[in-house]
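Participant: One structure follows; several queries about it will come next.
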Amino acid sequence: MSPRDTIFLEDGRILSHQACPGDQYLLRLEAPRIAAHARPGTFVHLQCDALLPMRRPLSLMRASAQEGWIELLYRTVGLGTRCLARRRPGEGLSLLGPIGRPFSWDPRYPRPLLIGGGVGIPPMIFLAQALRREKGRYRPLMLAGSETPFPFTPRPSQILIPALPPEVIAAMPLMEDWNIPSRLASLQGFPGCYQGYVTDLARLWLESLDADTLEEVALYACGPHAMLEAAARLARNFGRPCQVALEEYMACGVGGCAGCTVPVYEGDGIRMKRVCVDGPVFEAEAVFR
């Protein structure tokens with residue numbers, strides 16, 4: 001089935017809209033058709049305001065098919081998101097989604113390493129949610145990095161990760177509630193965070209694993225281009241599979257305009273692929289070499 005076969009035009013209704021640190025907002029929308037088909041790594045193309053015809057792509061952070069809602073976490077960076085930040089509960093928003101090829105996971109790799117950077121954190125939360133539903137088959141580790149305040153109040157973790165420095169104790173509250181180990185990284189000196197890049201923190205953990213445990217690891221990443229490149233290099237150095245979710249500017253969001261194309265290695269050559277529908281999730285080795 002093509003990813004475009006399950007894209008819906010839906011009038012969503014704002015259920016809640018919460019301001020978070022770092023000029024970020026958590027938006028929950030009633031959108032039952034999109035919620036029923038949402039998968040980690042997919043996104044919605046959202047009309048921020050009736051006076052702005054161009055939609056904005058926003059990654060899905062969570063979804064409940066049973067209750068019919070989706071959650072989006074975004075940062076105000078331009079006119080569209082500033083207009084979106086003014087929208088209030090009860091108002092409607094036009095949505096296209098869910099769009100794109102999602103992450104996939106394999107029981108051969110029961111130790112997923114999830115790496116999120118900045119606005120690339122939401123898809124990792126959605127992936128953690130999906131893995132949590134697999135009834136103990138997977139033991140994910142979530143690592144998140146940000147150079148602006150995190151959109152949540154970090155919590156000292158109650159889950160021990162012996163391989164990491166003991167002073168690196170800041171965790172994501174939602175992951176703690178889900179009993180999924182997590183740690184945070186930043187160069188901004190935030191308390192309890194690893195003082196460095198999140199991919200360097202990932203390297204510390206990978207280096208601590210014995211050969212048999214390392215064979216159980218697969219990497220998943222979403223964030224800035226440089227972070228994805230570093231995650232792909234990390235996976236290559238340790239001989240592990242890696243999937244990355246790319247972020248690109250796009251106009252139509254459904255594969256028609258080809259404005260979001262990126263070069264992807266296929267066989268002995270390079271082909272241009274559309275991030276919106278051919279991605280946004282790609283095998284890291286197909287994008288970074």
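The values are calculated or read from the model by the stated rules, or taken from the named source; none is laboratory data. Computed from a predicted model, the values in this text were never measured in an experiment. Here the Cβ positions follow ideal geometry from the backbone for every residue, glycine too, while neighbour counts run over all protein chains shown.
Participant: Taking the options A245, A258, name whichever one is of a type outside the set (S, T, Y) and in contact (Cβ under 8 Å) with a residue 60 or more places away in the chain.
Facilitator: Working: A258 fails: in contact (Cβ under 8 Å) with a residue 60 or more places away in the chain.
Exactly one of A245, A258 is of a type outside the set (S, T, Y) and in contact (Cβ under 8 Å) with a residue 60 or more places away in the chain, namely A245.
Participant: Answer yes if at least one residue in region 41-48 is under 20 Å from the mean Cα position of the chain (by Cα) and either assigned to a loop (DSSP other than H, G, I, E, B) or over 19 Å from Y74 (Cβ atoms) (or both), and no otherwise.
Facilitator: First, pick out the residues of region 41-48 that are under 20 Å from the mean Cα position of the chain (by Cα): 41-46.
Still in the list and also either assigned to a loop (DSSP other than H, G, I, E, B) or over 19 Å from Y74 (Cβ atoms) (or both): 41-42.
Yes, there is a match, as at least one residue in region 41-48 is under 20 Å from the mean Cα position of the chain (by Cα) and either assigned to a loop (DSSP other than H, G, I, E, B) or over 19 Å from Y74 (Cβ atoms) (or both).
Participant: Okay, moving on. Take the residues in region 126-158 that are part of a strand (DSSP E or B) and of a type outside the set (D, E, K, R), then tell me which one is surrounded by the fewest Cβ atoms within 10 Å (Cβ to Cβ).
Facilitator: Here is the first cut: in region 126-158, the ones part of a strand (DSSP E or B) are 141-145, 155-156.
Subsequent filtering for residues that are of a type outside the set (D, E, K, R) retains 141-145, 156.
Working: L141: 22, M142: 26, L143: 26, A144: 29, G145: 28, P156: 10.
The selected residue is P156.
Participant: Looking only at residues in region 277-289 that are touching a Leu at 6+ places or on another chain (Cβ under 8 Å) and of a type outside the set (A, V, I, L, M, F, W, C), which one is surrounded by the fewest Cβ atoms within 10 Å (Cβ to Cβ)?
Facilitator: Filtering region 277-289 for residues that are touching a Leu at 6+ places or on another chain (Cβ under 8 Å) and of a type outside the set (A, V, I, L, M, F, W, C), the one surrounded by the fewest Cβ atoms within 10 Å (Cβ to Cβ) comes out as G279.
Participant: Out of (1) surrounded by fewer than 17 Cβ atoms within 10 Å (Cβ to Cβ); (2) under 23 Å from A130 (Cα atoms); (3) of a type outside the set (S, T, Y); (4) touching a helix residue (DSSP H, G or I) at 6+ places or on another chain (Cβ under 9 Å), the odd one out for I180 is which?
Facilitator: Result: I180 fails condition (1) only.
Participant: Of G267, G223, G253, G196, which residue is over 22 Å from W105 (Cβ atoms) and under 18 Å from the mean Cα position of the chain (by Cα)?
Facilitator: Numbers: G267 fails: under 18 Å from the mean Cα position of the chain (by Cα); G223 fails: over 22 Å from W105 (Cβ atoms); G196 fails: under 18 Å from the mean Cα position of the chain (by Cα).
Only one candidate passes the filter, namely G253.
Participant: Tell me, which residue of region 71-101 that is over 14 Å from Q18 (Cα atoms) and of a type in the set (A, V, I, L, M, F, W, C) is surrounded by the most Cβ atoms within 10 Å (Cβ to Cβ)?
Facilitator: Only one residue tops the list, namely I99.
Participant: For G192, state whether it is more than 20 Å from G117 (Cβ to Cβ), surrounded by fewer than 17 Cβ atoms within 10 Å (Cβ to Cβ) and either in the same structural domain as P57 (by TED's automatic domain parsing) or out of contact with any Lys or Arg (no Cβ under 8 Å at 6 or more places or on another chain) (or both). Before you say what the answer is, go through the steps one by one.
Facilitator: Values: more than 20 Å from G117 (Cβ to Cβ): no; surrounded by fewer than 17 Cβ atoms within 10 Å (Cβ to Cβ): yes; either in the same structural domain as P57 (by TED's automatic domain parsing) or out of contact with any Lys or Arg (no Cβ under 8 Å at 6 or more places or on another chain) (or both): yes.
Here the answer is no, as G192 does not meet what is asked.
Participant: Mind checking which pairs have a first residue in region 195-222 that is under 30 Å from V275 (Cβ atoms) and a second that is of a type in the set (D, E), Cβ under 9 Å, 6 or more apart or different chains?
Facilitator: Note: pairs meeting the criteria are A218/D106; C222/E247.
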